[in-house]
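Here the structure is laid out as structure tokens; the discussion comes afterwards.
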Amino acid sequence: MTNLTWDHEVDLLVVGTGAAGLTTAVVGAVEGLKVLVIEKTEFYGGTTALSGGVAWIPNNPLMKAAGIPDTPDDALTYLKHNVGNRVAPAKLEALVEHAPQMAEYMQANSAVQFQMMEDFPDYRPETPGGSNGGRSIDPKVFSGRKLDDYAHLRKQNTEIPGGIVGSVKELRRLAFFRSNPKGLLAVWKMFPRNLWNKIASRQHMSSGRALAARLRYSLQQRDVPLWLNTGLDELLVEDGAVIGARVTREGKPLNIRARRGVMIAAGGFEHNRSMRKEYFGADVAEQWRSGAFTSGSPGNVGEGIKAGLAAGAALDLMDDMWWMPSSVEPGAETPTIHVFERGLPHFLIVNASGKRFANEARPYNELGRVIYEETSPPAFMIFDQQYRNRYAMGTMLPGITPERFIEAGYIKRAETLEALAAQAGIDPAGLKQTVERFNIMAKAGRDEDFHKGESAFDRYAGDPANKPNPCLGPVTKAPFYAMEIQAGDLGTKGGLLTNEHAQVLREDSSVIPGLYAAGNSSACVVGNFYPGAGGTIGAAMTYGYIAARDAAGQADR
């Protein structure tokens, strides 16, 4: 490598433009490093821009300001209890220590601003150290007109019904306007904002696009270059240390020297069929052959992981992903994800035998894994006209079921459960028996089989106006509906093995100098667990923050 000619030299090279990569770049720039960000596609934002944008940050500054109690010890207890020995304790300790620091740092030194989601519980709030609300924080709405390259911010796969722009907190309240009209008073700001969006083209955005835009705007303010259409070819290694990378920018090969390090934050491998086959098996690769059941960014084909592997990195958790129950609308190339619909009354999920197999309201990562492991795909969502009258389903507003969905078979509809079962390919006797038992339990408000509605997380997804259990209501009013639901994903969970400093490790646990990884390019820092809403983004941003400060020589050792 001594005779290599460098086309460009920086302190820190960041590969990827999701929350992990952009946070690394922002912090690196604030700390005085010369930073370059590269993105292989023509759009920046990664899977973050397609997401809800929520970040799980225990003991965060907004909790403190609101007087919501939390401690590092509680958060660490929660993680260790649920993660077990799957991850080195030092990585969990680093997450708990640095996550609130990161949130405070970003709000003080960048355009990133969060707001409270005080009533959004952890995914396992009843376990030791769990919280009933406050650890998940939501990015504030942002105007795309501030961005010089707004046209290159990745667009979300599916639009919120009506094209409404609102934070997760606002949209949750809006979802129950049929059963709780007074809730509209709490989200009144949404209406002038959306009207102004249409009249004056303010390009307001929320959720993951707002977070990606705020991060991008922070780089724009500091004149940090972001090269689109620039792919990573290989990492350049000298004496066992990564000293730069060979990339291709708009067809031209370039050698980039990175004096302080290279950050691999290029997402997972969910769109790489051969890697899915290698790590998940042929059946999964075939199921995802068109990418229809993954919500990850289209550019996520694992080249960052493969580049790290070629440089000597160890891999971990390659057989896991961020599971998400999903369906695919007629003509759609990307899935519709089903997050909160499953916790509502007048609804259940069954297998082809017509039997329930899980608590429908449990966290999506857990339910998706159950669908993947314990059913012969697909499973079926069953609901009645009461449900359709009151609640949204996927992209469908309450009370509106497009006939084209019926005609295409995306939704089955029938006047009796037996006829519905026949249409859907479900055992009629099994479905009838299951619904009869379910209705008895729903009227009593107690799910004796799977305990739906007992957890604070379940109840958050339920309808507070529905008594006695916000998650249970009988399925009795015709017509009845069925929709197939598959074990989709938000991205893969495995990747380059890192330590508590976000440094990439070899198989012998030694550090590869000059190489960092975060986000879905790295093995998940919480193992197979999903701690709460924003567990992906919170950890990605935190480890991006850790890496940048380490590269700048500001890390505590």
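The values are calculated or read from the model by the stated rules, or taken from the named source; none is laboratory data. On a predicted model such as this, the values are computed, not experimentally measured, just so you know. Cβ coordinates were reconstructed from backbone atoms using ideal geometry, including for glycine residues, and neighbour counts include every protein chain displayed. For accessibility, only protein heavy atoms count, side chains too; no ligands or nucleic acids. Shrake-Rupley method; radii C 1.70, N 1.55, O 1.52, S 1.80 Å.
Over all directions, what mean area does the Cα convex hull of segment 335-402 project, stated in square nanometres?
On the way: hull surface 18.6 nm².
Projected area, direction-averaged: 4.6 nm².
Taking Cα centroids, how far is segment 385-417 from segment 428-465 in Å? A separation of 20 Å, based on Cα centres. Based on Cα atoms of segment 15-156, Rg over Rh with Rh as the Kirkwood radius reads 0.99.
Heavy-atom accessible surface of Arg124, to the nearest 10 Å², is about 80 Å², with a 1.4 Å probe and all protein chains retained. Give me Rg over Rh for segment 396-436, both radii from the alpha carbons and Rh done the Kirkwood way, two decimal places. We get a ratio of 1.05 for segment 396-436.
Quick one: pull the percentage of alpha-carbon pairs in segment 231-375 with a separation above 21 Å. Let's see the in-between values first.
Values: 5880 of 10440 pairs.
Above the 21 Å cut-off, segment 231-375 has 56 percent of its Cα pairs.
Ordering of 267-277, 18-28 by packing is 18-28, 267-277, highest average first (other Cβ atoms within 10 Å, averaged per residue). With Rh defined as the Kirkwood radius, the inverse of the mean 1/r over Cα pairs, the Rg/Rh of segment 70-121 is 1.05.
Hey, how much of the P(r) for segment 288-337 falls beyond 14 Å, as a percent of Cα pairs?
63
So what is the 222 nm mean residue ellipticity for the chain from helices alone, if each DSSP H run of at least 4 adds -39500 (n - 2.57) and you divide by all residues, rounding to the nearest 500 deg cm²/dmol?
Numbers: 17 runs with 177 residues, N = 557.
Computed ellipticity for the chain at 222 nm equals -9500 deg cm²/dmol.
Glu118 to Glu403: extension gain in nm, 0.36 nm per residue of separation minus the Cα-Cα distance?
Numbers: separation 285, 0.36 × 285 = 102.60 nm, distance 3.87 nm.
Additional length available on full extension: 98.7 nm.
Of Lys80/Lys432; Lys80/Lys452; Lys80/Lys412; Lys140/Lys355; Lys155/Lys477, which sit over 32 Å apart, Cα to Cα? In this structure, Lys80/Lys432; Lys80/Lys412; Lys140/Lys355; Lys155/Lys477 lie more than 32 Å apart at Cα. Quick one: accessible area per residue over the chain, 1.4 Å probe, rounded to a whole number of Å²? Result: 38 Å² per residue.
Find, among the trypsin sites (Lys or Arg not before Pro) in segment 73-125, those assigned to loop by DSSP (not H, G, I, E, B) with at most 16 other beta-carbon atoms within 10 angstrom. Answer in residue order: Arg86.
On the basis of the beta-carbon distance and an R0 of 22 Å, His81 and Glu104 show a calculated FRET efficiency of 0.25.
Here, the chain yields an orientationally averaged convex hull projection of 24.5 nm² when only Cα atoms define the hull.
Projected onto planes of every orientation and averaged, the convex hull of the alpha-carbon atoms in segment 453-521 covers 8.6 nm².
One Cα centroid belongs to segment 36-50, the other to segment 471-507; the line between them spans 22 Å. Surface composition of segment 213-333: carbon and sulfur make up 42 percent of the accessible area, probe 1.4 Å. Site pair Thr127 and Ala65 shows an inter-label distance of 3.0 nm when each label is modelled 7 Å from Cα along Cα→Cβ.
At a 1.4 Å probe, what is the % contribution of carbon and sulfur to the accessible area of segment 1-141?
Numbers: 2330 of 4980 Å².
Ligands and nucleic acids excluded, carbon and sulfur give 47 percent.
Roughly speaking, what % of Cα-Cα pairs in segment 393-544 are separated by over 21 Å, rounded to a whole number? Before the final figure, lay out each step's value.
Working: 7466 of 11476 pairs.
Cα-Cα pairs of segment 393-544 separated by over 21 Å account for 65 percent.
In vacuo Debye scattering of segment 212-261, one point per C-alpha: log10 I(q)/I(0) at q = 0.28, 0.31, 0.32 Å⁻¹? Log-scaled intensity ratios, in q order: -0.98, -1.04, -1.06.
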